[in-house]
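Everything below concerns the one structure shown next.
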Amino acid sequence: MIASRRQETFLLALALIFVATAFAALALAPAARLAQWSAAAFPAGYTISVATWAAVAVTGHVVLSRRLPRRDPILFPLVMFLSGWGLALIWRLAPAFGLRQTAWLVIGVAGMLAVAFAPGDLRWLRRYRYLWLVAALGLTALTLFAGVNPSGGGPTLWLGCCGFYFQPSEALKLLFVVYLAAYLAEKGTGVVTAPLLAPILLMWAFSIVLLISQRDLGTGSLIFAVFIALLYLATGQRRYLVIGGVLLVIGGLLGYALFDVVRLRVDSWIDPFADPSGRSFQIVQSLIATADGGLFGSGFGIGSPTVIPVVHSDFVFAAILEEWGLIGGVAALALVAAIVLRGLRAAALARGHFRRLLAGGLATLVGLQSILIVGGVIKVLPLTGVTLPFLSYGGSSLLAHFIIIGLLLKLSDDAQTE
């Protein structure tokens, strides 16, 4: 236990060095561009963000050490490394949102610690599984009728009041994983039965409803993909992957035939240079940024990633590739992959079907969401518009993913105490 605490302390110290260095590089970037040292500037916002990051890292480490002494010692440093990198990226790409993302970091870590203090061994999550389902559906319904868009146009996927906005789809994905883990822990027997086939069709229909009602390609696809993955984890039968894949393709074809937004994204994926200055401008600029970055990148704060629309959210990975190069992009993916692997490790060590499925589902959610957005940015997949966990701007996403980490930490601690 002491060795694990020391390991976490050491990794957090390395993360702090990286975050401080990234902000220092960002402060020196104007001097590098103008070849004049007097142009260097370290705004107060940088100091606030670095100090806040350090404070929540120390607080999280101390609280977790007392509450979950046998937790996975690598998960928390990994997410703090990524969230600190994400803070630096937001200050680089959209400075107006820097302090707001810093505030969401505090809220996110607080949410993670709240999960650590949750009673018992998470049986209450399983006991009230239908409540989570109703909550997920209620959030969706509320967004349909009262949804807004902070930018003033486009899909109304947010709920907001008094200048604060929350995207229910982030909570929706998390709540569905909890419900599905509880449902499959009860129903999953490893035998192909009609009661298990029916939920596949139900979740496919739900994905289509989401797509139809809000044209939210990312959330609909992600929820269904996570469900199929959980179904496979519960039963071990590959036929569910085949059935799910076929239904996902059918849903995509229906979306392409019925909705312009889906058709636009697919057409831009197939041939983005057919309209490089119009409908495909975003993806074309992303590909150019990726090519310009090369192996080592242009340097943090030196490139031109802000040419890409909404680069701080949907296309933050393109900004990493341009200014941090292929090495930076691979490092970001490796860190996300490490989080997924630690989550799967928690699933392998967990006692009980529900806890195994919950840990596996949460890790799969993080992994699939990362694959969807990175694949869209580099034109391997059609763009879905989800965020890159811990790196993209978005308070709702940051809070939801810190809660996921809190659950994985608690599950890993429970596994070591039994």
For this session: Please give the length that would be gained between residue 39 and residue 165 if that part of the chain were fully extended, namely 0.36 nm times their separation in residues minus their C-alpha to C-alpha distance (nm, one decimal).
Result: 41.8 nm
Exercise. At what distance in nm do the modelled label points of residue 261 and residue 24 sit from each other, each positioned 7 Å from its Cα along Cα→Cβ?
Worked result: 4.4
Exercise. Which residue fluctuates the most in the chain, going by a Gaussian network model with Cα springs under 10 Å, if the choices are 66, 263, 345?
Worked result: 66
For this session: Please list 383-392, 369-378 highest first by mean number of surrounding beta-carbon atoms within 10 Å per residue.
Result: 383-392, 369-378
Exercise. Quick one: Cα convex hull volume of region 13-60, Å³ per residue?
Worked result: 57
Seminar exercise, completed: For residue 187, the lysines lying under 23 Å Cα to Cα, once residues fewer than eight places off in the same chain are dropped, come out as 173
Exercise. In whole percent, how big is the carbon plus sulfur part of the accessible area of the chain, probe 1.4 Å, protein atoms only?
Worked result: 69
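Tell me the relative contact order for region 1-156 as a rounded percent, counting alpha carbon contacts under 8 Å between residues six or more apart.
Relative contact order here is 26 percent.
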Seminar exercise, completed: Highest GNM mean-square fluctuation among 94, 198, 20, for the chain with Cα springs under 10 Å, belongs to 198
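Report relative contact order for region 235-337 in percent, whole number only (criteria: Cα-Cα under 8 Å, sequence separation at least 6). Mind dumping the intermediate values first?
On the way: 94 pairs, mean separation 20.8, N = 103.
That works out to 20 percent.
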For this session: Sorted from largest down, give the three principal axis spans of the alpha carbons of region 321-400, whole angstrom values.
Result: 44, 25, 24
Problem set entry | Relative contact order (percent, whole number), the chain, Cα cutoff 8 Å, 6+ residue spacing | 22
Exercise. Over the C-alpha atoms of region 354-398, what are the Rg and the largest Cα-to-Cα span, Dmax, in Å?
Worked result: 12.0, 36
Exercise. At q = 0.08, 0.12, 0.13, 0.14 Å⁻¹, what is the log10 ratio I(q)/I(0) for the chain, with the Debye formula run over Cα points and no solvent?
Worked result: -0.43, -1.01, -1.18, -1.36
For this session: Average the reciprocal distances over every distinct pair of alpha-carbons in region 1-80, invert the result, and give the Kirkwood radius in Å.
Result: 14.1
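Using only the Cα atoms, what convex hull volume per residue in Å³ does region 277-333 have?
Details: hull volume 3.9 nm³, N = 57.
Normalising the Cα hull of region 277-333 by residue number yields 68 Å³.
Rolling a 1.4 Å sphere over the protein heavy atoms, what is the accessible area per residue of the chain, to the nearest Å²? Could you put the intermediate results ahead of the total?
On the way: 17710 Å² over 418 residues.
It amounts to 42 Å² per residue over the chain.
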Exercise. Which shape class, rounded, prolate or oblate, goes with region 9-148 when its Cα gyration tensor gives a ≥ b ≥ c as root eigenvalues, a/c under 1.5 marks rounded, and past that a/b bigger than b/c marks prolate?
Worked result: oblate
Exercise. Could you list log10 I(q)/I(0) for region 277-379 at q = 0.09, 0.24 Å⁻¹, which the Debye formula gives when each Cα is one point scatterer?
Worked result: -0.30, -1.14
Exercise. Binning every alpha carbon pair distance of region 213-289 at 10 Å from zero, what are the percents per bin?
Worked result: 17, 36, 29, 15, 3
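The values are calculated or read from the model by the stated rules, or taken from the named source; none is laboratory data. The structure presented is a predicted model; accordingly, all values stated were derived computationally and were not measured. For neighbour counting, all protein chains shown are included, and Cβ atoms are generated from backbone atoms with ideal geometry for every residue, glycine included. Quick note on the areas: whole protein, heavy atoms, side chains included, nothing else; ligands and nucleic acids left out. Shrake-Rupley method; radii C 1.70, N 1.55, O 1.52, S 1.80 Å.
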